[in-house]
């Protein structure tokens, strides 16, 4: 009983640590370029497979998003920053709620 409870907790902690480190590492990767100046923000992501461009202007409240390629492994945050999606294995016998 104790093993079944501890295993999902370890898996969740490990997944959280991996997601936090990969998101932090990906922000400083050479694939992402972000620039902002006062009322506008531009973010460009290009890794050779996925090209993503996000532009937001707070002066007229307009947002533009362009994507091409296979961007299925990226999640786009509310501020336009792309974050990689990480698949987490579920241990055998663990309950999913």
Check your understanding: With each pseudo-label sitting 7 Å past Cα toward Cβ, what's the residue 96-residue 44 distance in nm, one decimal?
Key -> 3.9 nm
Check your understanding: For region 53-92, what size does the Cα cloud have along each of its three principal axes, sorted from largest down, in whole Å?
Key -> 52, 21, 9
Revision key, fill the gap. To the nearest 0.05, the calculated FRET efficiency linking residue 75 and residue 55 through their beta-carbon distance, R0 being 22 Å, is 0.75
Review point. Using r as the Cβ-Cβ distance of residue 65 and residue 88, and R0 as 35 Å, what FRET efficiency do you calculate, to the nearest 0.05?
Key: 0.80
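Taken together, the values in this text are just the output of simple stated rules run on the coordinates, not laboratory data. This one's a predicted model, so the numbers in the text were calculated from it and none came from an experiment. For neighbour counting, all protein chains shown are included, and Cβ atoms are generated from backbone atoms with ideal geometry for every residue, glycine included.
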